[in-house]
């Protein structure tokens, strides 16, 4: 008889699942960590009109390894007006480092539908610029009104208020979300595929409780997974006993193991038991590649309608498992 050694091991874990989950964890840490890199530099409300731009006092910025300089501008205008304005970031020589145009608007009205009415209001007033700098230098934020009019295109000369905020060390977390969801998807798919990983050496079924098959299997680094599934009638007990026997090429018994197989009871629309389903799983390593016979016996056999045995070699797991290592005689 060969030596049989039971070991609880993580040797056959599918590492790709944990790499995918690790990437998700890194993305979450990056998202939460980005909060601590933010440094407020200015927050002020100024007024501007056509040919009279609003301008912040010069702000000295320093290079940062993580994050960029962010300028957020929000216009404040009454309802049913629109505005075109430009946001510029300039250096000490009034050279434009970055600029952007914004078509802002704010509208409201009354709706009527099926005898009911109400009011609505929509707006789009915010603009922003992101820049990164390689040297410490003062910068100036300028907001210039280009056009200002009513919804009926009646020109206006009223001043417009702008709330200007400048922060340094901003990380654009929008680009982290695709990586987050992609990592979760990859982890989920890898978990799903781990259950069916490996080469299927045998997949046999019989309308009885006992079956067997002979396959070429084995190798010190190859995990073998034997799955036994049963379908039984309503007279089944709460659990069955599943015994697996492995024999060598001469028919001599190398290994025997039994496992309790809990049953799931399937009921019909009236609540009566229609059938029962059970499954037992065995993990083992056959150190010597050879021809082996796998034989399954499920007891009690009276209520059993069918038994299926699946043998996979090269299986992987999601955690630590108990493995029977069957050595050479």
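How much FRET efficiency would the formula 1/(1 + (r/R0)^6) give for residue 252 and residue 184, where r is the Cβ-Cβ distance and R0 is 51 Å, rounded to 0.05? E between residue 252 and residue 184, to the nearest 0.05, is 0.55. Between the Cα long axis of helix 15-33 and the first principal axis of the chain there is an angle of about 20°, rounded to the nearest 10. The distance from the alpha carbon centre of region 186-213 to that of region 278-320 is 9 Å, rounded to a whole number. Ellipticity at 222 nm from helices only: DSSP H runs of n ≥ 4 in the chain, each -39500 (n - 2.57), divided by the residue count, give -4000 deg cm²/dmol. Seen from every direction in turn and averaged, the convex hull around the alpha carbons of region 1-93 projects onto 13.7 nm². By the count of other C-beta atoms within 10 Å, a proxy for reagent exposure, 120, 181, 16 are ordered fewest to most as 120, 181, 16. Note: relative contact order over the chain, using C-alpha pairs below 8 Å and six or more positions apart, is 25 percent. Here the chain carries DSSP beta bridges of which approximately 95% are antiparallel, counting only pairs with both residues inside. Sort out for me the Cα centre separation of region 225-273 from region 46-64, rounded to whole Å. Their Cα centres are 77 Å away from one another. Spin-label pair residue 206-residue 101: with each label point 7 Å from Cα along the Cα-Cβ axis, the two points sit 8.1 nm from one another.
In percent, rounded to a whole number, the relative contact order of region 98-202 is 15, using alpha-carbon pairs under 8 Å and six or more apart.
Once the Cα atoms are used to define both axes, helix 176-194 deviates from the longest principal axis of the chain by about 10 degrees.
Computed over region 38-177, relative contact order equals 45 percent, with contacts defined as Cα pairs under 8 Å that lie 6+ residues apart. Once R0 is set to 22 Å, what does the formula 1/(1 + (r/R0)^6) return for the Cβ-Cβ distance between residue 121 and residue 163, expressed as a FRET efficiency to the nearest 0.05? Using R0 = 22 Å, I get an efficiency of 0.75. Taking the three principal axes of the alpha carbon atoms in the chain, the coordinate ranges are 99, 63, 25 Å, sorted in descending order. Computed from label points 7 Å out along Cα-Cβ, the spacing between residue 32 and residue 213 is 4.7 nm.
Per the Kirkwood definition applied to all pairs of different Cα atoms, how many angstroms is the hydrodynamic radius of region 38-177? Result for region 38-177, one decimal place: 16.6 Å. Put in order of Cβ neighbour count within 10 Å, fewest first, the listed residues 223, 29 become 29, 223. Residue exposure proxy: 21, 146, ordered by other Cβ atoms within 10 angstrom of their Cβ from fewest to most, comes out as 146, 21.
Only the coordinates and a few stated rules stand behind these numbers; no lab work does. As the structure is a prediction and not an experimental result, all values here were calculated from the model. Backbone-built Cβ (ideal geometry, glycine too); neighbour counts: all protein chains shown.
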